[in-house]
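Trainee: Dumping the structure here so I can ask a few things about it.
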Amino acid sequence: MDNNHELNLNTTLEYTNCPPASGPHFNAAGRGPIKRNFYGPAEQTHPGGWVHNLEHGFIVAAYSCEGSCPSDGDLRALREWWEAQPQTPGAQQCQVPNKVMVVRFDKITTRYAVLSWDRALLMDQWDAAAATEFAKQRIEQAPAPEPNSCA
């Protein structure tokens, strides 16, 4: 394991950037990496889980409910984007439809962020075309330390 893996689940993880796109993360069943999913507004996740997914070459689309959550229509568009992302060789190996997940993260200063290892695309309005291009260029790519690992 590299020095970013945290086994002590009581540790408070701190990040240089917000939203975090790399850094310390949990390496424990159920805490990180977390299951590929569309996490709705009622399902809080912790960056210590999904940053581990980024290390494995995943793309994470985050949205904020600070003040209020995105509209049902915006969440539907985000879900449609998530479902439409293609299956990569790594996703096929991991037996998942794709290596993309959607999480609620209220600490970002924009409404949306699309993340890969050490990279972030920040958006005030959801832009599926920009998110797709970002994902296409970065999914399962370096500099992710373990781009073809399963979560």
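A short reminder: the numbers here are calculations on the coordinates, not readings from a lab. It should be emphasised that the depicted structure is a prediction, and the values quoted were computed from it without experimental measurement. Because the Cβ atoms are built from the backbone with ideal geometry, glycine has one as well, and the counts that use them run over all protein chains shown.
Trainee: Relative to the present Cα-Cα distance, how much length would full extension add between residue 80 and residue 148 at 0.36 nm per residue of separation? Each step should come with its number before you reach the end.
Mentor: Numbers: separation 68, 0.36 × 68 = 24.48 nm, distance 2.42 nm.
Extending this stretch completely gives an extra 22.1 nm.
Trainee: Turning to a different aspect of this structure: Taking region 54-115, which chymotrypsin sites (Phe, Trp or Tyr not before Pro) meet the DSSP loop condition and have no more than 13 other C-beta atoms within 10 Å? Intermediate values should be presented prior to the final figure.
Mentor: On the way: sites: 58, 63, 81, 82, 105, 112; in loops: 58, 105.
Passing sites in region 54-115 do not exist.
Trainee: Something else: If you take all C-alpha pairs in region 11-54, what percent of them are over 14 Å apart? The partial results should precede the final answer.
Mentor: Values: 427 of 946 pairs.
Summing the P(r) tail past 14 Å for region 11-54 gives 45 percent.
Trainee: With both bridge residues required to lie in the chain, what share of the DSSP beta bridges run antiparallel, to the nearest 5%? Present the calculation step by step, with values, prior to reporting the outcome.
Mentor: On the way: 10 of 19 bridges.
Here the share of antiparallel DSSP bridges comes out near 55 percent.
Trainee: For region 47-114, which trypsin sites (Lys or Arg not before Pro) are both in a DSSP coil and crowded by at most 16 other Cβ atoms within 10 Å?
Mentor: Filter output for region 47-114: 107.
Trainee: Extension gain residue 87-residue 15, at 0.36 nm per residue separation less the Cα-Cα distance, in nm?
Mentor: Length gained between residue 87 and residue 15: 22.9 nm.
Trainee: Hand me the GluC sites (Glu not before Pro) from region 56-122 located in a DSSP loop with no more than 16 other Cβ atoms within 10 Å, in residue order please. Walk me through the numbers on the way to the answer.
Mentor: Details: sites: 66, 80, 83; in loops: 66.
Here the sparse-neighbourhood loop sites are 66.
Trainee: Taking just the alpha carbons, could you work out the radius of gyration and Dmax for the chain, both in angstroms?
Mentor: Expressed in Å, the Cα Rg and Dmax of the chain come to 14.1, 41.
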